[in-house]
Amino acid sequence: MTVEFHLLGALSVATGSGDLPLGPAERRSLLAALFLPCSPATVRTSTPELRNGADDF
């Protein structure tokens, strides 16, 4: 199975059967942050930045 990650423009993840639903903005932001080599992402550092009080994470 081939998986393609599109980071320029709108973030998307495509497979042979179509695009995967990535969920709310917080999840898309976390996924994008994991691709940034100079920005180490851990649960401890990422969760407070992304949540901002949102309960749908």
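Take each of the peptides 18-31, 1-14, average the number of other beta-carbon atoms within 10 Å over its residues, and list them starting from the highest. Mind showing how you got there, number by number?
Values: 18-31: 13.2, 1-14: 10.0.
Result, highest mean Cβ count within 10 Å first: 18-31, 1-14.
What does the extension gain come out to for ALA10 and LEU22, with contour length at 0.36 nm per residue minus their alpha carbon separation? Please report the intermediate quantities before stating the final value.
Details: separation 12, 0.36 × 12 = 4.32 nm, distance 1.12 nm.
3.2 nm is the gain from fully extending ALA10 to LEU22.
Values quoted throughout were computed directly from the atomic coordinates according to the rules given, and no laboratory measurement underlies them. Keep in mind it's a predicted model, so treat the numbers as computed, not measured. Reconstructed Cβ throughout: ideal geometry from the backbone, glycine too, with neighbour counts over all protein chains shown.
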